[in-house]
Structure formats: structure tokens, C-alpha cells
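Colleague: Take this structure first; my questions come after.
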Amino acid sequence: MSEARGEPGSGTGAGARFFCTAGRGLERFLMREVRARLAATEVEYISGKVFFTTCSDLNMLKKLKSAERLFLLIKKQFPLISSELGKVIGIAIMKHFGWKADLRNPKLEIFIHLNDVYSVVGIPVFRVPLASRAYIKTAGLRSTIAWAMASLADIKAGAFVLDPMCGLGTILLEAAKEWPDVYYVGADVSDSQLLGTWDNLKAAGLEDKIELLKVSVIELPLPSESVDIIISDIPFGKKFKLGKDIKSILQEMERVLHVGGTIVLLLSEDHRRYLTDCKGSSIPFNSKDSHTDEPGIKKCLNPEEKTGASKTVSTSFEARNHKFLDRMSPFGSLVPVECYKVSLGKTDAFICKYKKSHSSGL
């Protein structure tokens, strides 16, 4: 692939310049991923998009798990104000290359995004979005959210990973594809959900990687302190008895998790508020801009900001949140570590990470 230039003066160096679209709140996860998986440089973002330079080939680019779509960057500049600009650009491209527009069966798509921060022009690298997983037969939780949750869990080879409310198994599927040398167990009380999970496991070729159990999340048939990692999407909805049920759920998760183990949960706003108010303890919440707080990560600034197109933020996220580790947790030994607000489309949710600090004695 030939080299693509970034904006003038950006000094992109060797490699091509790309950007990915991402769900709101997942930009931090995507920035981490492109640096780790692609050895990407000059990583920067605007809301919903992450820009980076890499020499990685298409096979590696296709492995990105927290992105929606991938584009080769043609141009990024300060905004041009015109309600008809998209149409003008389209006509200019057709005239310049002699192309005809065919919206039903296009051979080439040109992506143009105009907002108050930047005008961005790119060409999609793949026709099928990265977020559309070929190995998932029936979609449950959004695959990018599921992967982001698993990426926070510090999964290591040989670990025992449990999803006690697995639904259609999306979280376990994403985890098992990325970290295969692990013992995975999914539990649910619904026959239909477990059947859907089994269909997904067969489609993904993971029947031998994930064990399924039909049990209640508050009556897990597991010894105390036997699980290394728990990752789960806590149900939303009016039928779910918020206070009583979530307390019982967390207490049972706490019981089976060993000391030093990790829990990553997807919580609704009501769930999170309940946990925050329960004992006066709060989960450290990362606002929409906190995902820039990593060495080497750049944020694209608004035109009004004096420092130009980007800046490097050097504050360590882990150091900034270390003070929360000794605070009283909402329930027993579960200590809140990190929390990220993410979009589920029509509603928002929170990915929250806990560590078990000591034996619960349950």
C-alpha cells in the first residue's frame, strides 16, 4: 500500500495514515488497541474517530476489535463552512476523475465528514465494517462493547473466566477469540439464551473453549474464591429489581472471585448510581475527554484552542486513579478501579472494573 499523507506539517513519517470510526466512549479503547496491535504512531482523536499512522498490512488492520469502520485518510483540515459542501465535493470528484455516481452498487466509496472541529475525507479500506463479526451468528451485546469489556479484564493464559449472565455469549466469544488459552464458563437461567449461545459457539468454532451452565447468577455452583475473572452485562429494564437483585448478584460474584481477581460489568445509569450511593463510595469515572490521559496519545483540538491541531497529554491514568484503590467499596471486598461511559445507541451505559481486595468471608 502506498504512503498516505496526513495534514500538512503533521510529520507522519513512514507508513500510511488511517482513521477508524468508533462508538461514543470507545475512543480510548481503540487508541490503546492501535498502539498495541499495529504499533501505531501519531495517535489522535476527535469524538467518534481515531486517527493513526501505521506500517501494518491489511491482515493486521482487519484484526481491530474496538473499531466500527476503517478508512484510509485522504484529507483532514479545519472545518469549511458550507451546507452544500458535501455535494460540491462529490461533483468535483466525479468531474475530476470522470466517474459516475452509483449509490446502489458503488465500486468506490468516498467518506466525507463535516463538523465544527474538522473536515475529514477518506476511503473505506474494507466493504464490511470491522464491527460485523463473521463468527457471530446471532448478535447480542454490541461486539465492540463486549471486546472493550474483555480488554479491561487483564485476561492471562490459564485463567478461569466466568460470565454468570451470559445471554447470547457475545462477551465470552470476543474474549475467547482474542485470548484462547483460557477456561471460559457461561451461565444463564434462560433456555432460549443458552441455545442461542450454543449456536454462536458452533458458528465460531468455540464449542470446546466455552462451557455452558443453566443456573441462576445468585446460586452459582462454584466454590468460593475459585474464579479469576468475571465479565458480565447486568440486565437493564423495568422487570429487574434494581436494589435487591443487584446486591445479591454482586455478593455472589464476590463470593466466587478469588482475592486479587477482577470483575468488569456493564451497568446502566441507575445501576451505577445505586452502587455509588450505597455506601457513599464512588467509582472513578472517566469523562468523555479522560481517554486522552495516556503517554503518546494526542487529542485533536477545536480551532479556537491556541495550541494548534493537537497536543500530547502525559498524565498517567493509572497514577491518577491510584488514590481510589483504598476507598471503601460499595459491597464488601470489591474495590472500584475504572469506569467508562459508552453509548449503546439509544441509551448510555458504564463499563466498570472492580478488584477483590480481601477475602469476603461469605
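Every number here is computed from the coordinates shown, using simple stated rules; none is lab data. Keep in mind the model is a prediction, meaning the values are calculated, not measured. Cβ coordinates were reconstructed from backbone atoms using ideal geometry, including for glycine residues, and neighbour counts include every protein chain displayed.
Colleague: What's the extension gain from THR347 to GLU219 if we count 0.36 nm per residue and subtract their Cα-Cα distance? It would help to have the intermediate numbers written out before the result.
Modeller: Working: separation 128, 0.36 × 128 = 46.08 nm, distance 3.00 nm.
Additional length available on full extension: 43.1 nm.
Colleague: Same structure, new question: Which order, highest average first, do 209-218, 31-40, 54-63, 17-26 follow once you tally other Cβ atoms within 10 Å for each residue and take the mean per peptide?
Modeller: 17-26, 31-40, 209-218, 54-63
Colleague: Between ASP57 and VAL259, what length in nm is gained on full extension when 0.36 nm per residue of separation is reduced by their alpha carbon distance?
Modeller: Taking ASP57 through VAL259 to full extension adds about 68.6 nm, to one decimal.
Colleague: Further question on the same structure: List the equivalent ellipsoid semi-axes of the stretch 148-240 in whole Å, largest first, each obtained as the square root of 5λ for an eigenvalue λ of the Cα gyration tensor.
Modeller: 19, 16, 13
Colleague: Give me the net charge of VAL264's neighbourhood, meaning all other residues with Cβ under 11 Å from the Cβ of VAL264; Lys, Arg count +1, Asp, Glu -1.
Modeller: Cβ neighbours under 11 Å give a net charge of -2.
Colleague: Ok, one more. Assuming R0 = 25 Å, what is the FRET efficiency of SER248 and TYR135, from their Cβ-Cβ distance, to the nearest 0.05?
Modeller: On the way: r = 34 Å, r/R0 = 1.34.
After rounding to 0.05, the efficiency reads 0.15.
Colleague: Sticking with this one: Measuring from label point to label point, each 7 Å out along Cα→Cβ, what is the ASP270 to PHE97 span in nm?
Modeller: Taking the two extended label points, one gets 5.0 nm.
Colleague: With Cβ to Cβ distances under 9 Å as the rule, what net charge do the other residues near ILE171 carry (K, R +1; D, E -1)?
Modeller: After counting each charged neighbour, the total is -3.
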